[in-house]
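Right, one structure below, let's go through it.
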Amino acid sequence: MQSYRDLKVWQEAMNLAESCYRATKSFPKEETYGMTAQIRRAAASIAANIAEGYGRRTRGEYVQFLYIAQGSLKELETHLLLSIRVELASSQTINLVINQCESVGKLLLLLIRSLEK
């Protein structure tokens, strides 16, 4: 493996972030600095922490950044679910993104487990 960009989990996290940007495009303008920003920041943070951890010196540091990515993923899921509850987006749109979250979460867990062995 040459780079973090070769990791399936990083690629899927990037796809997830892209989906979040697209899903929040239709949010009301008054949410630009609210829910839109929160969702986009959390989504971008997942891939960024995977990449940052990959660049660290030790396996322990790498795993710590993967756990941070996992926390950002749970934060993102919470914001997405709230956006349905407060009617910023349709459940159909958001559920597609939540399915991506679940996929990224499984890949993160697999990578963490393999590194902790």
Checklist entry - Which members of segment 17-51 meet the condition of being assigned to a helix (DSSP H, G or I), surrounded by fewer than 17 Cβ atoms within 10 Å (Cβ to Cβ) and not hydroxyl-bearing (Ser, Thr, Tyr)? => result 18, 22, 29, 30, 31, 37, 41
Checklist outcome for this item: Of the conditions (1) of a type in the set (Lys, Arg); (2) outside any helix (DSSP H, G or I); (3) at pLDDT 95 or above, the single one that residue 57 does not satisfy is (3)
Checklist outcome for this item: Scanning segment 52-80 for residues that are surrounded by fewer than 14 Cβ atoms within 10 Å (Cβ to Cβ) and within 24 Å of residue 30 (Cβ to Cβ) gives 78
Checklist entry - (1) within 17 Å of residue 112 (Cβ to Cβ); (2) surrounded by 19 or more Cβ atoms within 10 Å (Cβ to Cβ); (3) not β-branched (Val, Ile, Thr): which one isn't true of residue 7, the others all being true? => result (2)
Item to check | Tally of residues being buried (at least 18 other Cβ atoms within 10 Å of the Cβ) and under 15 Å from the mean Cα position of the chain (by Cα) across segment 82-97 | outcome: 2
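Matching residues to (1) on the phi > 0 side of the Ramachandran plot; (2) polar (S, T, N, Q); (3) touching a Ser or Thr at 6+ places or on another chain (Cβ under 6 Å):
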position	(1), (2), (3)
13	no, no, no
20	no, no, no
28	no, no, no
42	no, no, yes
45	no, yes, yes
85	no, no, no
88	no, no, no
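The values are calculated or read from the model by the stated rules, or taken from the named source; none is laboratory data. Only a predicted model underlies this, so the values are computations on that prediction, with no experimental measurement involved. Ideal geometry is used to build each Cβ from the backbone, glycine not excepted, and the neighbour counts take in all protein chains shown.
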